[in-house]
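In what follows, a single structure is set out as structure tokens and then discussed.
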Amino acid sequence: MTTNSNTADDAIFDNDSDDADVDTGAVGVAAVRTPTGPLPDRACWAVMENYAALITEATRMRALPLPLTQNEPATVAARISQLPSHVAAVFLIGLDPSGAAHVQRATAAAGGPPVISELDVVTAALGAAAMSFLRGRDIAPRRGRIVVTGAEVVPRLGPLLVALGAGSMTPWHPFDAQDYPLPRMMAHNDLLIDLADAAPDNAAPARTLRMPSEPHDYGALVIPGLLRGLCRHEPTPVTIEVLAACSRALALVTAPDAILPDIDERLLIPAVVRHVHRSLREDSRHRALAHRQPSRQPSPAHDTDHGGQPQ
């Protein structure tokens with residue numbers, strides 16, 4: 001497979017870090033079976049087993065399936081917060097965006113392990129697909145004009161596209177159709193991300209991205225490398241910057257004629273690991289510098305006007 005390696009980001013494949021110690025402890029793979037989730041007919045527990053097998057195979061971490069019968073976010077957060085300390089992180093499947101965000105906040109507040117939702121990794125893959133699409137059209141990200149339908153379906157996609165440097169991101173809702181028909185809007189935009197599955201076929205032919213019918217197809221591209229990258233550091237939440245690191249890694253190893261890499265791409269996991277590691281390392285450095293930076297007070301030697309005379 002030919003990857004997109006003609007960028008400065010090729011440096012991620014250097015030997016600036018040692019992979020020998022990155023996979024330690026265990027990861028919980030928790031699935032909530034709920035008829036009101038984003039995909040009510042989905043066999044979440046089977047997907048949980050698939051993710052657990054993938055994580056175990058692709059990392060040296062032990063993946064522990066955690067089937068949960070209670071679907072209240074507070075109950076799920078309490079269960080996750082009670083996991084033993086050797087569980088380094090939990091990957092959560094089955095809750096809608098607001099429920100998953102509630103679990104992430106409540107678990108962090110209780111001192112539990114970081115929680116990564118399936119929607120987080122699907123969001124990162126969507127961001128990568130958008131970058132790859134623009135690159136395939138020879139459009140620099142900062143000039144890319146993107147329209148998103150149903151932005152509430154993937155709430156972090158908008159901030160992620162901004163972090164990735166998209167030129168513009170315009171949300172569109174079906175009630176906008178009368179005044180702003182999608183085909184007319186797409187005459188002045190480059191890419192349509194149709195999360196609401198509301199776009200007619202003629203809205204943006206060959207310029208439309210949609211959610212995968214099975215989120216695992218996108219999530220599996222991200223989660224092994226994300227977990228390995230996170231486990232180099234102290235427990236930390238998955239921020240937009242971390243998701244952006246994942247997106248850039250996926251786009252980097254994607255073939256020029258594709259929007260996402262193949263699951264068997266040998267550079268995929270190392271790319272995600274190193275991008276996540278570098279993002280967190282830089283964030284740690286910035287926070288350390290901000291903490292050490294003394295407040296500046298004007299010194300007597302500089303307390304002069306432009307004429308060099310004391311004020």
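The ranking of 246, 44 from fewest to most other beta carbons within 10 Å of each one's beta carbon is 44, 246. Taking only the C-alpha atoms of the stretch 122-210, Rg followed by Dmax gives 11.8, 32 Å.
FRET efficiency for the residue 257 to residue 285 pair, using the beta carbon distance and R₀ = 25 Å, is estimated at 0.10.
Binning all Cα-Cα separations of the stretch 27-144 at 5 Å, short to long from zero, yields these whole-percent fractions: 2, 12, 19, 21, 16, 11, 7, 7, 4, 1. In terms of packing, defined here as the mean over residues of other Cβ atoms within 10 angstrom, the peptides 92-99, 169-176 line up highest first as 92-99, 169-176.
Ranked by how many other Cβ atoms sit within 10 Å of their own Cβ, fewest first, the residues 103, 27 fall in the order 27, 103.
Listing 216, 275 from the residue with the fewest other Cβ atoms within 10 Å to the one with the most, what is the order?
Lowest to highest Cβ neighbour count: 216, 275.
Note that the stretch 159-275 shows a convex hull volume over its alpha carbon atoms of 127 Å³ per residue.
Any read-out appearing in this document is the output of simple, stated calculations on the displayed coordinates, not a laboratory observation. The shown structure was predicted, so the numbers you read here are calculated from the model rather than taken from an experiment. Neighbour counts run over all protein chains shown; Cβ positions are idealised from the backbone, glycine included.
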